[in-house]
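S.K.: The following block contains the structure, expressed as structure tokens.
The values are calculated or read from the model by the stated rules, or taken from the named source; none is laboratory data. Given the structure is predicted, the values throughout are model-derived calculations rather than measurements. Every residue, glycine among them, receives a Cβ derived from its backbone with ideal geometry; neighbour counts consider all protein chains shown.
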Amino acid sequence: MTVINMGMRSMRRRTARRGMSGRQLLAAQAAVAGSLAAVLLVKELPGLVRELRIYRMTGGLRAHRRYP
């Protein structure tokens, strides 16, 4: 080592880690995204059930004979 490198080492300080780690941040983002998806599903569920009932009343996959 040279004298310059030794001087640079003494200037560096170890900083204390603050905040969240990357893994914790990813888990928090996944929780937020999952909760938003769940809220959206619950909000749209009545409309999806209605569309499914209409689809079944019109014949579903077999309807191509009735509705060309």
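S.K.: Can you pull out the residues in the stretch 16-49 that are touching a Leu at 6+ places or on another chain (Cβ under 9 Å) and part of a helix (DSSP H, G or I)? Show your work before the answer.
M.R.: Pass one, the stretch 16-49, residues touching a Leu at 6+ places or on another chain (Cβ under 9 Å): 19, 41, 48.
Within the stretch 16-49, LEU41, LEU48 qualify.
S.K.: Please list, ordered by first then second residue, the pairs with beta carbon atoms under 6 Å, 6 or more apart or interchain, first in the stretch 39-62 and among the polar types (S, T, N, Q), second outside any helix (DSSP H, G or I).
M.R.: Hits for this filter: zero, empty list.
Table: residues versus (1) at pLDDT below 80; (2) among the hydroxyl-bearing types (Ser, Thr, Tyr).
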| residue | (1), (2) |
| --- | --- |
| THR2 | yes, yes |
| GLY7 | yes, no |
| MET11 | yes, no |
| GLN24 | no, no |
| ALA30 | no, no |
| ALA33 | no, no |
| LEU52 | no, no |
| ARG65 | yes, no |
